[in-house]
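One structure is given here, and the rest of the page talks about it.
The values are calculated or read from the model by the stated rules, or taken from the named source; none is laboratory data. This structure is a prediction, so every number in the text was calculated from the model and none was measured. Cβ atoms come from the backbone with ideal geometry, glycine included; neighbour counts cover every protein chain shown. Just so you know, the surface numbers come from the protein's heavy atoms only, side chains and all, with ligands and any DNA or RNA stripped out. Shrake-Rupley method; radii C 1.70, N 1.55, O 1.52, S 1.80 Å.
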Amino acid sequence: MIKLHRPIPKLAIVAIAVGLAVSVATSQAALSLSFSNQGLNTGIQFNGASSSFQLNPAPGSLGSPQFAITSETGGSSSIGLMGWINGSPWSIGAITTSGTTQTAPVTGVGTLFLSDGAGNNLTGNLNWITIQTVQSIGGINAALNVNVTGLAYGGLNTDLLALANGANGSLNLSFQFSPSQSLAQLTTGSAQIGSYSGSLAGAAVPEPSTVIAGALLLLPFGASTLRILRKRQA
């Protein structure tokens, strides 16, 4: 028995072509910069009964950076760059406990600065969103939500340009105390200072090669569609 296949309608051909082009064009390259606090008098400070935290030194400047880029994924021009975040202290809200995990919202915003070492800064608006501790480990924006908006940069560093082109990104931070400190303990008593590390990941930007590939894939389908339309009109 011979199975007959009906011709594909022209609209379906167009849909297939567009779908393939879009799927290829949206292949994206991830860029993530890892950082940690650097130098004397740097770290994350929890202000005890004030239920707030800050990054030292405050407010941060090129002369006294708070952290440095230590490694990166998807880039090659940011290792060693210095940065800081203004706007501290940030307030820690009501704590919710679930087993050994304690979570609280963070209120207050900040401004991220990352210097390219040539007089230009990548800047963005930061919202920490949440803070939590799990046994001896703590995290801020551990869910990796988009919490940096309005990224802008006027220099020539390729990594910083890629981050700015994405406009938004996510910044997270982890910290650890020994002996371990829960969020409830960090928001009572006197101030405590610890080290931290984190990462800044930007919105991925389509690679030029994938956009070109998508356009090339679209060409044969477009030509086929035109031939079908001409035959129908004839």
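Couple of notes before you dig in:
- Subset tally (residues that are crowded, with 20+ Cβ neighbours inside 10 Å and part of a strand (DSSP E or B)) for region 122-131: 4
- Boolean, GLY155 is without any contact (Cβ under 8 Å) to a residue 40 or more places away in the chain, among the small types (Gly, Ala, Ser) and open to solvent by less than 20 Å² (accessible area, probe 1.4 Å): yes
- Residue check for ALA49: of a type outside the set (S, T, N, Q) and free of Cβ contacts under 8 Å to residues at least 40 places away in the same chain: no
- Taking the numbered list (1) open to solvent by 60 Å² or more (accessible area, probe 1.4 Å); (2) closer than 30 Å to THR103 by Cα; (3) modelled with pLDDT under 95 in turn, SER209 passes all entries but (2).
- When LEU173 is tested against (1) part of a loop (DSSP other than H, G, I, E, B); (2) hydrophobic (A, V, I, L, M, F, W, C); (3) within 23 Å of LEU81 (Cα to Cα), only condition (1) is not met.
- Residue list for region 16-45, restricted to those being within 24 Å of ALA167 (Cβ to Cβ), among the aliphatic types (A, V, I, L, M) and at pLDDT 80 or above: ALA30, LEU31, LEU33
- Those residues of region 82-107 which are open to solvent by less than 40 Å² (accessible area, probe 1.4 Å) and either touching a helix residue (DSSP H, G or I) at 6+ places or on another chain (Cβ under 8 Å) or free of Cβ contacts under 8 Å to residues at least 12 places away in the same chain (or both), in sequence order: ILE92, GLN102, ALA104
- Number of the condition not met by GLY75 [criteria: (1) surrounded by fewer than 20 Cβ atoms within 10 Å (Cβ to Cβ); (2) modelled with pLDDT under 95]: (1)
- Matching entry among GLY110, GLY138, GLY60, GLY48 (being at pLDDT below 95, more than 18 Å from ASN157 (Cα to Cα) and open to solvent by less than 40 Å² (accessible area, probe 1.4 Å)): GLY60
- A count restricted to region 65-116 and to residues that are charged (D, E, K, R) and outside any strand (DSSP E or B) stands at 1.
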